[in-house]
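The structure appears below as structure tokens.
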Amino acid sequence: MWHLDETYSTRAGPVAAGSAGQGPALVLAHGWPWSSFAWHKIIPSLARTHKVYWYDMPGYGQSSKSPEQSTALDIQGRVFADLLSLWNLDRPKVFAHDFGGAIALRAHLLHGVDYEQLILMNVVAMRPWGSDFFDHVRRHIDAFTGLPAHIHRAVVYAYIAGALVNDIPQDDLDGLAAPWLTDDGRISFYRQFAQADEAYTAEIEADFGHLRCPTEILWGVDDPWIPLQRGRALAQRIQPKRFIELPGLGHLPQIEGPNIVLDALNLSA
């Protein structure tokens, strides 16, 4: 059911998007280095009870990857707010993963966007963030942007594998990697490292206790990138209605254990 057959003009360039289902609005916000493809396993179930919207962030997936564009979290938060307006959504439910969490939180706390419900799963929201490899690439961008195509491909696959603690089908690995293997995708892949800045989460951390919507947090217990204790620390700040641990799952619960994620969700139709 996952598809990208809609295009929207945004302040960061054209954005590819899709939607399916009927019912209350539910918006899916992906993170880095993912795309809306990361949701493809759970979209069919979600669309049975909701009108589900998804999109590829500028610089990601099938959206614009112009060398001149900024795709940092400050712009992404504004683009998210813009898309909700373009979709004519008033107080949708939002399900956010990884950087999508910081983006949804920035749109809510800085740009006045309200949600009926906010679900955060293994999100980037608090400092420090980024692995040792992430920091290394950020310091040596020029060395990586010049890698031969076959070595870049190996880097992308290895980076994705580093988020997982379970084997996933090769088709899923290929779908996650594909946007970064084109010429513009390779450049955009490393640009995301260069534009990463913890200031964009530092700006909102103090307001995590003042969210204006019911919030729930889901966390893959074995996440190699953002450990469970980080999720628990976020929960102490936010005081969500529920904090659900997902045993045996890593940083991509919706790919590694889609049925576990669906069972954990508390989405009223």
For Asp197, distant residues with modelled amide H under 5 Å away: Leu73
Over the chain, relative contact order from alpha-carbon pairs under 8 Å, at least 6 apart, %: 20
Highest to lowest packing among 107-115, 93-101, 238-246, 1-9, scored as the average C-beta count within 10 Å: 93-101, 107-115, 238-246, 1-9
The range 167-269: Rg to Rh, with Rh as the Kirkwood radius over Cα pairs: 1.02
Reference-scaled alpha-carbon Rg (2.2 N^0.38 Å with N residues) for the range 188-240: 1.36
Rg [Å, one decimal], Dmax [Å, integer] - the chain, C-alpha atoms: 17.0, 50
Binned Cα-Cα distance frequencies in the range 102-252 - 5 Å width, integer %: 2, 8, 16, 18, 17, 17, 13, 7, 2, 0
Carbon plus sulfur fraction of accessible area for the range 181-269, probe 1.4 Å, in percent: 46
Karplus 3J(HN,Hα) series, Hz, for the range 138-150 with 6.51 cos²θ - 1.76 cosθ + 1.60 (x for Gly, Pro): 4, 7, 9, 4, 4, 5, 7, 5, x, 5, x, 4, 6
Close Lys-Lys pairs in the chain, where close means Cα under 24 Å and separation is 8 or more or interchain: 5
Cβ-placed point charges (K, R +1; D, E -1), dipole of the chain about Cα centre in debye, nearest 20: 440
The chain, accessible area per residue, ligands and nucleic acids excluded (1.4 Å, Å²): 40
Per-selection Rg to Rh, the range 1-85 - Cα, Kirkwood hydrodynamic radius: 0.96
Cα pair distances exceeding 16 angstrom across the range 144-210, given as percent: 58
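The values are calculated or read from the model by the stated rules, or taken from the named source; none is laboratory data. This is a predicted model, so every value here is computed, not measured. Here the Cβ is made from the backbone with ideal geometry for all residues, glycine too, and neighbour counts use every protein chain on show. Heads up: the accessible areas ignore ligands, DNA and RNA and are worked out on the full protein's heavy atoms, side chains in. Shrake-Rupley method; radii C 1.70, N 1.55, O 1.52, S 1.80 Å.
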